[in-house]
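Structure record follows, encoded as structure tokens.
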Amino acid sequence: MRITTFAAILYLLCSTTQANEHTTQDLILLTRYANLTANAESFVCKGGCRGSEADGCAATRDFIVGGQCLADDDGVWVRYLFSADFGLCVTRYRDPTCTAIISEDCGLSERCVDGWLQYELFRDYCVESSSPTREFVYPFVYSTTHRSATNCTRKDPPTVEDLRLGSDQICVATNIPMSDGSYGPGSIISACQSDNSHVVTFYSDTSCSTQDGVLAPTYRRPFDQCTPGVTEETRHRMYTVECGSPIAHCKMPTGNSFITDRHASEAEGRLGVMNLAVVTLSSVLMSLWFL
Ligand SMILES: *[C@@H]1O[C@H](CO)[C@@H](O)[C@H](O)[C@H]1NC(C)=O
Ligand SMILES: *[C@@H]1O[C@H](CO)[C@@H](O)[C@H](O)[C@H]1NC(C)=O
């Protein structure tokens, strides 16, 4: 009897531990200095990592969860992984399970790469869990890109995965559509709603405070539906946003000026307080246009 009770308790303890244990992962903040007044081909800021807004440049930011095998481009997958020996590595693969290596670039932390990219590493800031766990409360939500509506509705392998830690507290400078038909420097806040739809709010300045002349103040993607991009560049591509199934939950890196509590809201529901955004490296270019 005692043994049975003991066994039952042990079983309970073990299963509880298992349920609570999730693999932790690093959060990688990718900052790129983009010329938001330029066209897509030339939007690397000439001032590089010292580019300033006075030159038409802005720091645009994305977040990546370490260890994920992500669709990066047609036929290319990518994984970001930190190790003590090699620092932060970006490895590209030719298969969706990330086994056949194409190229590897290591030691990327804190460096200005190719004159306009910077990585910042937040060790163990995420857990691979679809629900909030302990202090890891901000969901990691991704959008999946397909070349055609058929590919999208059939859920074919994605062309590009935009991993986006969306949040109503994270303001991301980007290129936005204006009501006069042009695209110009602006910013977005991207967040999942309690009905699992995905809403992007556009601003006409790079710090999410004014909305003068924006084409539409908000853009909503219904849950699990394929919707086209809204820029000239991307309207032929189809997007879905997986608000209902975050791949991870993370802590928020604090002390960054682009993270504010300006929009802190209780009304937005389960995912509304914060969700973050991540993009893979080649979708970095796209992400400026994908909305
Ligand atoms: C930004 O792009 C515009 C238009 O192509 C160009 O005139 C300007 O020199 C660029 N500025 C920087 C700092 O790259
Ligand atoms: C997309 O659809 C086309 C036409 O049906 C098909 O040939 C192609 O393989 C699909 N792409 C992927 C990645 O599955």
TODO: Express the carbon and sulfur contribution to the solvent-accessible surface of the range 92-149 as a percent, rounded to the nearest whole number, probe 1.4 angstrom.
DONE: 47 percent
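Listed highest first by mean packing, meaning other Cβ atoms within 10 Å per residue, what order do 143-149, 172-178 come in? Intermediate results must be reported in sequence, preceding the final value.
On the way: 143-149: 19.3, 172-178: 24.3.
Descending packing order for the listed peptides: 172-178, 143-149.
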Task: Under Karplus coefficients 6.51, -1.76 and 1.60, residue-wise ³J(HN,Hα) of the range 99-105 in Hz, glycine/proline x - done: 10, 8, 6, 9, 7, 9, 10
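Among 242-251, 123-132, how do they line up from the highest to the lowest mean number of other beta-carbon atoms within 10 Å? If you can, show how the numbers build up before the last one.
Values: 242-251: 22.1, 123-132: 18.5.
Taking the mean over residues of other Cβ atoms within 10 Å, the ranking is 242-251, 123-132.
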- [ ] Can you pull the one-decimal nm distance between simple spin-label points at R147 and D205, each 7 Å off the Cα toward Cβ?
- [x] 4.3 nm
- [ ] Mind giving me the FRET efficiency for V137 and S103? R0 is 41 Å, r the Cβ-Cβ distance, nearest 0.05 is fine.
- [x] 0.70
Task: Residue-wise HN-Hα coupling along the range 195-209, computed from phi with Karplus coefficients 6.51, -1.76, 1.60 (Hz; x: Gly, Pro) - done: 8, 6, 7, 10, 10, 10, 10, 9, 10, 8, 10, 8, 10, 6, 10
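The values are calculated or read from the model by the stated rules, or taken from the named source; none is laboratory data. As the structure is a prediction and not an experimental result, all values here were calculated from the model. When we count neighbours, we look across all protein chains shown, and the Cβ atoms used for this are built from the backbone with ideal geometry, even at glycine. With ligands, DNA and RNA removed, areas are computed over all heavy atoms of the protein, side chains included. Shrake-Rupley method; radii C 1.70, N 1.55, O 1.52, S 1.80 Å.
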